[in-house]
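Asker: What follows is a single structure, and I will ask about it in a moment.
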Amino acid sequence: MGIWWGDFPNRKYGMVELLGHEGTHSWVLPFPEPMWNEGLATYVGILLGRDLGLNDEADKTLANWIDGAKKHDPEMTKLDLATGKAVPHVVAMAKPMWIFEQLRNEKPDVVARYFQAKRKLVDPAKVKRYPADDSVAVLSVAMGRNLFPWFQSLGIKVDSARTAISVP
């Protein structure tokens, strides 16, 4: 049961990460994230751990994920999150974390900006699905610059021509 997750209450970090993770799943609705649903949820749990002063455990968790992913995709430029084909679980989880870490160096609040932009730009009354191209367009809006070339350099096959969302 979740109430004992991560040896809670003796150790707080596991429960904090779990609550952040599960809370994030409610933010993505009504459309699940096409490339980073689970990875971003775990990443938000890690960020919550940091915010609550559990830095050592949060940083170690993030490092473990990223180190594991780099065994399969050393430069984070090989495996395509958009297709998801032949992407090991550790890469599917950690490459999004690594992406958001890079973006947070520029805009520390990029995760919040992303979800705010998604709510504004992706109206479930007007669209039926939320593909990877749309998610990169929304993230581009959140960052205030076109991220498509960067994502393509990461081996992720996305194309701004396949989204109706205006990219900066």
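Asker: Please compute the modelled spin-label separation between Asp159 and Ala86, points set 7 Å along Cα→Cβ, answer in nm with one decimal.
Answerer: If labels sit at Ala86 and Asp159, their model points lie 2.1 nm apart.
Asker: Once you keep just the Cα pairs under 8 angstrom separated by 6 or more residues, what percentage relative contact order results for the chain? Before the final figure, lay out each step's value.
Answerer: Working: 218 pairs, mean separation 34.0, N = 168.
Relative contact order for the chain comes out at 20 percent.
Asker: Going through the cross-link list Lys128/Lys157; Lys95/Lys157; Lys126/Lys157; Lys95/Lys120, which pairs have a Cα-Cα distance over 19 Å in this structure?
Answerer: On the way: Lys128/Lys157 21 Å; Lys95/Lys157 14 Å; Lys126/Lys157 25 Å; Lys95/Lys120 26 Å.
Flagged as over cut-off: Lys128/Lys157; Lys126/Lys157; Lys95/Lys120.
Asker: Separate question: Going toward the positive end of the dipole of the chain, with +1 on Lys and Arg Cβ and -1 on Asp and Glu Cβ, which of Gln152, Val127, Leu139 do you reach last?
Answerer: The listed residue farthest towards the positive side: Val127.
Asker: Once you charge only the Cβ atoms, +1 for Lys and Arg and -1 for Asp and Glu, what is the size of the charge dipole of segment 23-122 about its Cα centre, to the nearest 20 debye? Don't skip to the answer; put the middle values down first.
Answerer: On the way: 13 positive and 13 negative charges, 75 e Å.
That gives segment 23-122 a dipole magnitude of about 360 debye.
Asker: Separate question: Okay, which of segment 143-168 sit inside 11 Å, backbone N to the point 7 Å along the Cα-Cβ direction of Lys126?
Answerer: 164-166, by backbone N distance to the label point.
Asker: For Rg and Dmax of the Cα atoms in Å, several values are listed as (1) 17.0, 59; (2) 17.2, 54; (3) 15.9, 51; flag the one computed from this structure.
Answerer: (3)
Asker: Rolling a 1.4 angstrom probe over the protein heavy atoms, how many square angstrom per residue are accessible across segment 1-97? List each step's numbers first, then the result.
Answerer: Numbers: 5130 Å² over 97 residues.
On a per-residue basis, 53 Å².
Asker: Here is a follow-up. Using r as the Cβ-Cβ distance of Lys12 and Lys71, and R0 as 41 Å, what FRET efficiency do you calculate, to the nearest 0.05?
Answerer: Details: r = 29 Å, r/R0 = 0.72.
Using R0 = 41 Å, I get an efficiency of 0.90.
Asker: Give the carbon-plus-sulfur fraction of the accessible surface of the chain in %, rounded to a whole number; probe 1.4 Å, heavy atoms of protein chains only.
Answerer: Values: 4800 of 8770 Å².
Carbon and sulfur together cover 55 percent of it.
The values are calculated or read from the model by the stated rules, or taken from the named source; none is laboratory data. In this text the structure is predicted, and so the values were computed from the model without any measurement. Please note: Cβ atoms are built from the backbone with ideal geometry, for glycine as well, and neighbour counts cover all protein chains shown. Each accessible area value is taken on the protein alone, full model and side chains, heavy atoms only, with ligands, DNA and RNA left out. Shrake-Rupley method; radii C 1.70, N 1.55, O 1.52, S 1.80 Å.
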